[in-house]
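The values are calculated or read from the model by the stated rules, or taken from the named source; none is laboratory data. Owing to the predicted nature of the structure, the values given are computational and were not obtained by experimental measurement. Ideal geometry is used to build each Cβ from the backbone, glycine not excepted, and the neighbour counts take in all protein chains shown.
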Protein chains: 2
Amino acid sequence: MPETQSPAQSLTRREELLRIAAELFASKGFRNTTVRDIADAAGILSGSLYHHFDSKESMVDEILRTFQEELFGQYDEILAGDADPRAKLEQAVRVSFEAIDRHHSEVAIFQNDAAYLGTLDGFGYLAERHAQSREVWMRLLREGVAAGVLRADLDIDLVYRFIRDTVWVAVNWYRPGGSLSAAQVADQYVTILLDGLGA
Amino acid sequence: MPETQSPAQSLTRREELLRIAAELFASKGFRNTTVRDIADAAGILSGSLYHHFDSKESMVDEILRTFQEELFGQYDEILAGDADPRAKLEQAVRVSFEAIDRHHSEVAIFQNDAAYLGTLDGFGYLAERHAQSREVWMRLLREGVAAGVLRADLDIDLVYRFIRDTVWVAVNWYRPGGSLSAAQVADQYVTILLDGLGA
DNA sequence: GTCTATATAACGATAGAC
DNA sequence: GTCTATCGTTATATAGAC
């Protein structure tokens, strides 16, 4: 029925183009991906992309906003839960690796291009999300120290950066569907973080 | 003496331009830094840069080669030393943070742009150095497990990636001359890695 | 929804004057 | 060693035909 395309079909085409763009942004970087790259991968010409999106920037904007709404919803659930401090830290690490597994492209774009994108108009929410993420982890760490399950002799800001970097940078080598599952990686990371490498 | 410029003076000007370029590559990324950006920062016009260098790529090539020769020389010294396995791991972490402190731009370029640069002709040594770095850390870890100072129940490849990522990604927030010295950061990272965060 | 065709700007790099 | 001037290419984005 070419005359009466459903909204669902339009949405599907739009989402398909966003998925293609996200994979290219993730693997080559936002600046290093041209609209011609995206159009080629989609089997159309570059000009045709502008029927669906206003600009290249609006594409990455939509990709990142959708992903971050889901991720921070999960962090909020952990904070609101009634698990003990050590379990909450473990949950936060696991949720992060699940995000790397299920939204690999989006995490890679956020990890590798957020610094540049944050300088553009309309991307101020990236800095807000960054601050929000810091608050989540810092609160988990402070609760852990207060409860006596985390050692108190370390610089807590440095510990935050250690965990944040360690978790998110894994997107650059972790491959969904590979030999190690996200849960397996998360288990070992939690072990190293909380118990250390020492025998 | 304008007629008889010494080699030292030419070298100084060349090194000054490389330093300016390295800072821009590090803060904005290689692809996102134009030759006009470099020339502007140096107070000359873009065409004048080509009196000193063949291309933008040859500039970053010279920056990375010089840095890596020094860094891997230090790793080799650690491997050849007679310290115990745990001390060698500590030394490797400290040497890495000293590199972040004293060669901040170079480390940032290697951390952020090596994946792209490695695809270019003439940059095959980046992959070689990457493999060499892996061998250094894997050898240190295997010796640690064999000596019984490191726990043996973890995936050693995953531990390698954990340490590598954790150490080098710190270049994105560490600032030379800031409130935390490289040695202080290295001390706390070694503590977290070997002893863990658990109380 | 895609194509043809093109506007406009920025890019890396070059040639020759000074 | 730098400047003037510009070439050739590629980038994002647009206008209108189909």
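Summary table below
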| read-out | value |
| --- | --- |
| Residues that are closer than 17 Å to A:Leu117 by Cα and modelled with pLDDT of 95 or more, drawn from the range A:32-45 | A:Thr33, A:Thr34, A:Val35 |
| Members of the range B:174-191 found to be surrounded by 14 or more Cβ atoms within 10 Å (Cβ to Cβ), over 12 Å from B:Phe97 (Cα atoms) and not β-branched (Val, Ile, Thr), listed by number | none |
| Any hit, the range B:85-103, residues being away from every other protein chain (no Cβ under 11 Å), among the basic types (Lys, Arg) and more than 28 Å from B:Asp61 (Cα to Cα) | yes |
| Which numbered condition A:Ala183 fails, given (1) closer than 18 Å to B:Ile163 by Cα; (2) in a helix (DSSP H, G or I) | (1) |
| Any hit, the range B:124-143, residues being farther than 22 Å from A:Gly178 by Cα and among the hydroxyl-bearing types (Ser, Thr, Tyr) | yes |
| Any hit, the range B:88-103, residues being small (Gly, Ala, Ser) and touching a residue at least 40 places away in the same chain (Cβ under 8 Å) | yes |
| Search result, residues across the range B:118-150 that are touching a helix residue (DSSP H, G or I) at 6+ places or on another chain (Cβ under 8 Å) and not in a helix (DSSP H, G or I) | B:Gly118, B:Leu120, B:Gly122, B:Phe123, B:Ala147, B:Val149, B:Leu150 |
| Hits in the range B:45-74 (condition: outside any helix (DSSP H, G or I) and either near DNA strand C (Cβ under 9 Å from one of its atoms) or under 26 Å from B:Ala92 (Cβ atoms) (or both)) | B:Leu45, B:Tyr50, B:His51, B:Phe53, B:Asp54, B:Ser55 |
| Residues that are near DNA strand D (Cβ under 8 Å from one of its atoms), outside any helix (DSSP H, G or I) and exposed (fewer than 14 other Cβ atoms within 10 Å of the Cβ), drawn from the range A:7-44 | A:Thr34 |
| Matching option when the condition is without any contact (Cβ under 8 Å) to a residue 12 or more places away in the chain and within 30 Å of A:Arg142 (Cβ to Cβ), among B:Gln188, B:Gln111 | B:Gln188 |
| Check on A:Ile78, under 30 Å from B:Ala114 (Cβ atoms), outside any loop (DSSP other than H, G, I, E, B) and either without any contact (Cβ under 8 Å) to a residue 12 or more places away in the chain or among the β-branched types (Val, Ile, Thr) (or both) | no |
| Where B:Gly73 falls short, out of the listed (1) within 12 Å of DNA strand D (Cβ to nearest atom); (2) exposed (fewer than 13 other Cβ atoms within 10 Å of the Cβ); (3) under 23 Å from B:Arg102 (Cα atoms) | (1) |
| Any hit, the range A:189-199, residues being modelled with pLDDT of 95 or more, in a helix (DSSP H, G or I) and among the acidic types (Asp, Glu) | yes |
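Condition check ((1) within 22 Å of the chain's Cα centre (by Cα); (2) modelled with pLDDT under 95; (3) hydrophobic (A, V, I, L, M, F, W, C)) across all residues:
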{"site": "B:Thr4", "(1), (2), (3)": "no, yes, no"}
{"site": "B:Arg13", "(1), (2), (3)": "no, yes, no"}
{"site": "B:Ile20", "(1), (2), (3)": "yes, no, yes"}
{"site": "B:Leu24", "(1), (2), (3)": "yes, no, yes"}
{"site": "B:His52", "(1), (2), (3)": "no, no, no"}
{"site": "B:Glu57", "(1), (2), (3)": "yes, no, no"}
{"site": "B:Leu64", "(1), (2), (3)": "yes, no, yes"}
{"site": "B:Asp76", "(1), (2), (3)": "yes, no, no"}
